[in-house]
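S.K.: Starting off with a structure, shown below.
The values are calculated or read from the model by the stated rules, or taken from the named source; none is laboratory data. No experiment lies behind these values; they were computed from the predicted model shown. A quick note on method: Cβ atoms are made from the backbone with ideal geometry, for glycine too, and the neighbour counts reach across all protein chains shown. Heavy atoms of the whole protein, side chains included, go into the accessibility calculation; ligands, DNA and RNA do not. Shrake-Rupley method; radii C 1.70, N 1.55, O 1.52, S 1.80 Å.
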Amino acid sequence: GLKKKEVHVLCLGLDNSGKTTIINKLKPSNAQTQDIVPTIGFSIEKFKTSSLSFTVFDMSGQGRYRNLWEHYYKEGQAIIFVIDSSDKLRMVVAKEELDTLLNHPDIKHRRLPILFFANKMDLRDAISSVKVSQLLSLENIKDKPWHICASDALKGEGLQEGVDWLQDQIQ
Ligand code: GTP
Ligand code: MG
């Protein structure tokens, strides 16, 4: 068949938000791993949709590795930003990291699509995706297309909706 168009995606967000779990679930079931451990540095992963072949830079969200993110900004054609919807204490930290990202010279003036996953919606103390978008002030993002999906990466719920949106933005 036709070769799919290749797209570089950066997967960002705080540690423990579920980035690696989400990327793993987007792979075909025979390529998924069972045991997911905290990412050290970053890991390069691939998954395909109907028309695109995604190469994902799955970055570690741990504080000591967050300074690695910016080295990959230039190559990124889209961003997946993952939030743990149950981690109310660190929502302000997630916002700080998002604001730093959005103000970075390699990101600021580019019309990169940003897909947000308000992840862990299965947890009892998770807040809604509307509330997450309010706490992160997403309405202030005017120069980039963005979209937020509630997700449960363990069950895989909400992931397809997000990736369909991303695919439409890149087409
Ligand atoms: P770093 O690599 O350290 O930046 O973390 P990460 O964002 O890649 O998180 P990871 O995918 O390793 O998931 C962290 C923990 O959250 C794991 O125990 C996952 O099983 C769990 N987890 C991920 N997504 C969900 C979800 O939607 N619901 C619940 N309940 N747990 C989740
Ligand atoms: Mg990880």
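S.K.: Please specify each residue of region 44-55 satisfying the condition of being surrounded by 12 or more Cβ atoms within 10 Å (Cβ to Cβ) and either farther than 13 Å from L166 by Cα or free of Cβ contacts under 8 Å to residues at least 60 places away in the same chain (or both).
M.R.: Those that are surrounded by 12 or more Cβ atoms within 10 Å (Cβ to Cβ) and either farther than 13 Å from L166 by Cα or free of Cβ contacts under 8 Å to residues at least 60 places away in the same chain (or both): E45, K46, F47, K48, S53, F54, T55.
S.K.: Quick check on this structure: which one of M121, M91 is surrounded by 21 or more Cβ atoms within 10 Å (Cβ to Cβ) and out of contact with any Phe, Trp or Tyr (no Cβ under 9 Å at 6 or more places or on another chain)? Give the derivation first.
M.R.: Working: M91 fails: surrounded by 21 or more Cβ atoms within 10 Å (Cβ to Cβ).
Unique residue meeting the criteria: M121.
S.K.: Okay, moving on. Considering only residues that are near ligand 2 (Cβ under 10 Å from one of its atoms) and assigned to a strand (DSSP E or B), look in region 1-43 and name the one that is most open to solvent (accessible area, probe 1.4 Å).
M.R.: For region 1-43, the residue satisfying everything is F42.
S.K.: Residue pairs, Cβ under 9 Å, 6 or more apart or interchain, first in region 19-37 and at pLDDT 95 or above, second more than 14 Å from ligand 2 (Cβ to nearest atom) and part of a helix (DSSP H, G or I). List them.
M.R.: The qualifying pairs are I22/L159; I22/G162; N24/A31; K25/L159; L26/L159; L26/Q160; L26/V163.
S.K.: Applying the selection to region 44-76, what residues are within 21 Å of K95 (Cα to Cα) and either more than 14 Å from ligand 2 (Cβ to nearest atom) or part of a helix (DSSP H, G or I) (or both)?
M.R.: Residues of region 44-76 that are within 21 Å of K95 (Cα to Cα), as a first pass: 57-73, 76.
Hits for region 44-76 are G63, R64, Y65, R66, N67, L68, W69, E70, H71, Y72, Y73, G76.
S.K.: Now a separate question. Filter region 93-139 down to the residues that are within 14 Å of S151 (Cβ to Cβ), part of a helix (DSSP H, G or I) and either in contact (Cβ under 8 Å) with a residue 60 or more places away in the chain or touching a Ser or Thr at 6+ places or on another chain (Cβ under 7 Å) (or both) and list them by number.
M.R.: The one that is within 14 Å of S151 (Cβ to Cβ), part of a helix (DSSP H, G or I) and either in contact (Cβ under 8 Å) with a residue 60 or more places away in the chain or touching a Ser or Thr at 6+ places or on another chain (Cβ under 7 Å) (or both): V132.
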